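Data block below; observations after.
The values are calculated or read from the model by the stated rules, or taken from the named source; none is laboratory data. The structure displayed is predicted, hence computed values, not measured ones. Here the Cβ positions follow ideal geometry from the backbone for every residue, glycine too, while neighbour counts run over all protein chains shown. Note: areas computed on protein heavy atoms with side chains; ligands, DNA, RNA excluded. Shrake-Rupley method; radii C 1.70, N 1.55, O 1.52, S 1.80 Å.
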Amino acid sequence: QLRLGAVNAKYSIPLETEGEAAVQRDREALAVMEFMCEFGVERISIQPTLTHDQEALRAGYRKTVREVMRLWEKYAGRGLKLSLEPHTMSSFCFNAGLKDLRAELPDFPITFDPSHLLCAGAKMADVLWLIPGTAMVHMRDAAPGRLFVPYGQGELDVRACVKKMVDAGYNGSVAIEYIQDERPDDATLENLFLFKEALDCEIRHASKET
């Protein structure tokens, strides 16, 4: 009964958008598109320009937007859907960059993953504005400076997210993301199931209210 719902890809887009770097990205994009077509996956969520150099991120915002649009057109040409994930170490991990993007490209698909913004120091109430119009939702608990913490130990407010999704008419899927480098132990699995049950409970509750 399991099926692939989406691809989550890190595109390390350098500020150079020509030459061998661009050719290599096109090769990577082609390989991913072939994979998606082979397995019937409709959407890819990309995370661009991964670097800690904040000055470079600010300077490269315009080039990053152009490159993301180029990739979006390439995937659309194969009937595939691409959305941008506001990722830590990117031009879009702060509200300012995201608001610039939304103002310039109001209909561009966004993947809502609050963990990156919470890791960057944002409050939960400050990121909910991204949900209306979102194309895909990732859920992971996080805290300032920590991209992942076990569910219940961070700043993620599942109830607020679900309520906003219902109010916005979101009817897509919700993916739980859980970072685990080693084989999960019983405590990890218990926390993951607790996370899923909390999410399911809030979805049922919000659905009844509407």
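Heavy-atom accessible surface of region 70-210, averaged per residue, reaches 51 Å², computed with a 1.4 Å probe. Projected label points at Asn8 and Glu73, each 7 Å from Cα along the beta carbon direction, are separated by 3.0 nanometres. Whole Å is fine, so just give me how far the alpha carbon centre of region 148-165 lies from that of region 168-210. So the two Cα centres are separated by 9 Å.
Helix 20-39 and the longest principal axis of the Cα set of the chain meet at an angle near 50°. Split the accessible area of region 98-160 by element, probe 1.4 Å, and carbon with sulfur accounts for 48%.
Compute the FRET efficiency between Ala96 and Lys63 as 1/(1 + (r/R0)^6), taking r as their Cβ-Cβ distance and R0 = 22 Å, and round to the nearest 0.05. In this case the efficiency is close to 0.80. You can think of it this way: the chain between Leu189 and Leu105 has 26.3 nm of extra reach, that is 0.36 nm per residue less the Cα-Cα gap. Evaluated at q = 0.17, 0.18 Å⁻¹, the base-10 log of the normalised Debye intensity for the chain, with identical point scatterers placed on the Cα atoms, takes the values -1.30, -1.42.
Classified by the C-alpha gyration tensor, region 93-210 has an oblate form. Its axis ratio a/c, with a ≥ b ≥ c, is 1.5 or above, and a/b does not exceed b/c.
With helices as the sole contributors, the chain gives -14000 deg cm²/dmol at 222 nm; each DSSP H run of n ≥ 4 counts as -39500 (n - 2.57), and the sum is divided by every residue. A dipole drawn for the chain from +1 and -1 charges on Cβ atoms has a positive end, and of Phe148, Ala120, Phe193 the residue lying farthest that way is Ala120.
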